[in-house]
Amino acid sequence: MSKGYHTRWVIPDEHRASAAYVEAGAAIALGQAVYDRRTVLGLTQHQLAEQAGLSDAEIERIEGGAVTPELGLLHALARALDSKLDLSIESDETHVAFSERAA
């Protein structure tokens, strides 16, 4: 295996349709999007936690993909990240992106 590449897991189709798989994918997508936007803004986890009204541990769990997205949380994160939230849900996949709000 080449350096820099991760092992690719083969996930059986019957698991892809499960609620647990879809929920886990959404949590991971949210965590990556929060991390990406936070680092673009140059914020620490602590600074984001303060701005979102969350604890440092909650931000760590969100970025680690351990938190299932809920509307209130998404709203707080978008506000704290001074961002527009783009969310796309397909049958078995969730895409999350925070982007700069239009002026």
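Residues in region 50-103 that are closer than 20 Å to Ala20 by Cβ and assigned to a loop (DSSP other than H, G, I, E, B): Gly64, Gly65, Ala66, Val67, Thr68, Pro69, Glu70, Glu90, Ser91, Asp92, Glu93. Of all residues in region 68-81, which are in contact with a helix residue (DSSP H, G or I) (Cβ under 7 Å, 6 or more places away or on another chain) and either at pLDDT below 90 or surrounded by fewer than 14 Cβ atoms within 10 Å (Cβ to Cβ) (or both)? Within region 68-81, Thr68, Pro69 meet the criteria.
Looking only at residues of region 1-53 that are β-branched (Val, Ile, Thr) and surrounded by 15 or more Cβ atoms within 10 Å (Cβ to Cβ), we find that the one that is modelled with the lowest pLDDT is Val22.
The condition of being in contact with a Gly (Cβ under 6 Å, 6 or more places away or on another chain) and surrounded by 12 or more Cβ atoms within 10 Å (Cβ to Cβ) holds for only one of Ile89, Ile62, that being Ile62.
The values are calculated or read from the model by the stated rules, or taken from the named source; none is laboratory data. Only a predicted model underlies this, so the values are computations on that prediction, with no experimental measurement involved. No Cβ is skipped: glycine too gets one built from the backbone with ideal geometry, and neighbour counts run over all protein chains shown.
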